[in-house]
Each structure stands twice: as structure tokens, then as C-alpha cells.
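A short write-up of the structure that comes next.
The values are calculated or read from the model by the stated rules, or taken from the named source; none is laboratory data. What you see is a predicted model, and the numbers here were worked out from it, not measured in a lab. All Cβ positions, glycine included, derive from the backbone under ideal geometry; neighbour counts span all protein chains shown.
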Amino acid sequence: MKSRSLLPILACLTLSTHALADNSLTVGTGYQYGGVLGAQYSVNNGKNRFFGSLGLFGAALGYQRIIGQSNHHTVGAMFGSEVLTSEKGFVSVTYNYYTQGVNNSGWVFGLSAGARREDSGSFFAATEDSETEGYAWFNVGYQF
């Protein structure tokens with residue numbers, strides 16, 4: 001009996017969460033999408049945007065702040081790992097431009113710059129040594 005009484009409460013919490021936040025799915029390439037090709041799921045709450053990405057060779061988590069009155073620009077930060085160039089992880093600042101606005105379907109163009117750590121060795125054999133280097137990366141995606 002107790003589990004049935006929780007259903008209306010859970011339904012109200014779910015509806016109120018969706019009323020406060022706007023969710024979107026974006027498919028693209030670059031570190032913001034987990035690497036070579038991936039998908040990003042984001043939750044917008046006012047001027048704040050939280051996202052998680054999963055790609056063919058990596059994953060990322062991040063936060064972006066919507067800036068300006070037009071809602072076309074975001075700045076933020078993210079961290080994650082990508083097997084090909086940052087096995088030990090990366091951390092970066094981000095900038096994105098949404099051609100149709102943050103809450104609408106359309107193309108997304110972005111930049112990320114930061115530091116990444118990777119194994120020093122070949123693709124087939126990693127050594128115990130890691131190198132830290134700076135990077136700048138271009139990201140492009142389509143938001144549904």
C-alpha cells in the first residue's frame with residue numbers, strides 16, 4: 001500500500017522538475033561530445049546548463065552559463081577523458097554559439113581550451129609516464 005501512495009508524489013516531482021528545466025540532446029564531434037563522435041544530454045535551468053556527454057572514445061561532464069540577452073552564447077567548464085589523446089583526463093573552459101538559440105533545435109559551434117594528460121607511448125603500448133599539455137579544440141554539433 002505504501003508504494004502506491006508515493007506514485008502521485010513522484011509524478012508531481014517529475015512534472016515540476018520538467019517545468020523548471022529544459023532538456024536537450026545534441027550529437028556532435030569534439031571534446032564536448034566525448035571525442036571523435038558522441039552525444040550530449042543537457043539540462044537547462046534558467047541561465048545554467050549542465051551536461052553529460054558520451055562518445056565513441058570518451059566522456060565528459062560540464063557546466064555552462066548562458067550569457068547575453070539573445071540566448072545564443074554560453075561559457076563554461078568541463079572535465080572528462082578521451083582514449084585517443086587524453087587517457088588520463090582533461091579539464092577545459094568552453095564557449096559555444098547556438099545558431100537558433102540555446103533552447104531551440106539547430107547547429108552548435110564551440111571552442112574548448114585547457115589541459116589534457118595522456119600516456120607517453122604508442123597507441124598499442126602505454127608507459128607509466130604521463131604528459132600534460134595544453135590544447136584548443138573546435139566542436140560542432142546539432143541540437144535536437
Tally of residues being out of contact with any Ser or Thr (no Cβ under 8 Å at 6 or more places or on another chain), part of a loop (DSSP other than H, G, I, E, B) and not small (Gly, Ala, Ser) across the range 88-115: 3
Members of the range 98-132 found to be β-branched (Val, Ile, Thr) and at pLDDT 75 or above, listed by number: Thr99, Val102, Val108, Thr132
Residue match in the range 6-21 (condition: under 16 Å from Asn104 (Cα atoms), at pLDDT 90 or above and surrounded by 14 or more Cβ atoms within 10 Å (Cβ to Cβ)): no
Count of the range 87-105 residues which are among the small types (Gly, Ala, Ser) and under 15 Å from Thr29 (Cα atoms): 0
Residue match in the range 46-53 (condition: farther than 17 Å from Tyr142 by Cα, charged (D, E, K, R), at pLDDT 90 or above and not in a strand (DSSP E or B)): yes
Only listed residue being of a type outside the set (Lys, Arg), in a loop (DSSP other than H, G, I, E, B) and either surrounded by fewer than 17 Cβ atoms within 10 Å (Cβ to Cβ) or modelled with pLDDT under 95 (or both), chosen from Gln32, Gln69: Gln69
Residue in the range 92-102 that is under 27 Å from Glu131 (Cα atoms) and crowded, with 17+ Cβ neighbours inside 10 Å present: yes
